[in-house]
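Undergrad: Encoded as structure tokens, here's the structure I'll be asking about.
The values are calculated or read from the model by the stated rules, or taken from the named source; none is laboratory data. Keep in mind the model is a prediction, meaning the values are calculated, not measured. With ideal geometry, Cβ positions are generated from the backbone for all residues, glycine too; neighbour counts draw on all protein chains shown. These area figures cover heavy atoms from the full protein model, side chains too; ligands, DNA and RNA do not enter into them. Shrake-Rupley method; radii C 1.70, N 1.55, O 1.52, S 1.80 Å.
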Amino acid sequence: MKKQVMVVDDSRMMELQIRKMLEGSDFEVAAYCENGEEAIARYEEILPDAVTMDIIMPGIDGLETAQIILEEHPDARIIMVSSLVYDDTINEAHDIGAKTFLYKPITKENLIQALTEAME
């Protein structure tokens, strides 16, 4: 059975790219959320195996969204994804419990490797 991934990104193109990248892998997109508020609301109903989380989104940003999800679900496997990356952002992501960080543009290999490592 494929592992379920929730994609949280304000870009529908990113969700479609991730969906395509996961074809033929052990992972599939189970849900897509356009913002942090939606991700927080839907996490409980979906309980995905992993989450890819954009940082820059309207409303609650990805770091705050990840923190809220991890407070309620400490075992959540969240992979931060962003094109705007600074050392303090990476440190903050790790401090709140994100499993890893992917730099946009992501590749199929990097995505599957990050998801696989998050599952370990």
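Undergrad: Take the residues in region 76-104 that are open to solvent by 60 Å² or more (accessible area, probe 1.4 Å) and closer than 28 Å to residue 20 by Cβ, then tell me which one is modelled with the highest pLDDT. Show your work before the answer.
TA: Within region 76-104, the first condition is being open to solvent by 60 Å² or more (accessible area, probe 1.4 Å), and the residues that meet it are 77, 83-84, 86-88, 91-92, 94-95, 99, 103.
Subset that is closer than 28 Å to residue 20 by Cβ: 77, 83-84, 99, 103.
Details: 77: 98, 83: 84, 84: 74, 99: 93, 103: 89.
For region 76-104, the residue satisfying everything is 77.
Undergrad: Also, quick follow-up: For the condition over 13 Å from the mean Cα position of the chain (by Cα), of a type in the set (Ser, Thr, Tyr) and at pLDDT 95 or above, what is the one hit in 107, 65?
TA: 107
Undergrad: Name the one entry in 54, 49, 10 that is of a type in the set (Asp, Glu), within 17 Å of residue 106 (Cα to Cα) and open to solvent by less than 50 Å² (accessible area, probe 1.4 Å). Give the derivation first.
TA: Working: 49 fails: within 17 Å of residue 106 (Cα to Cα); 10 fails: open to solvent by less than 50 Å² (accessible area, probe 1.4 Å).
Criteria check complete, one pass: 54.
Undergrad: Just give me the residues in region 1-25 being of a type in the set (D, E, K, R), touching a residue at least 40 places away in the same chain (Cβ under 8 Å) and farther than 13 Å from residue 81 by Cβ, in sequence order.
TA: 3
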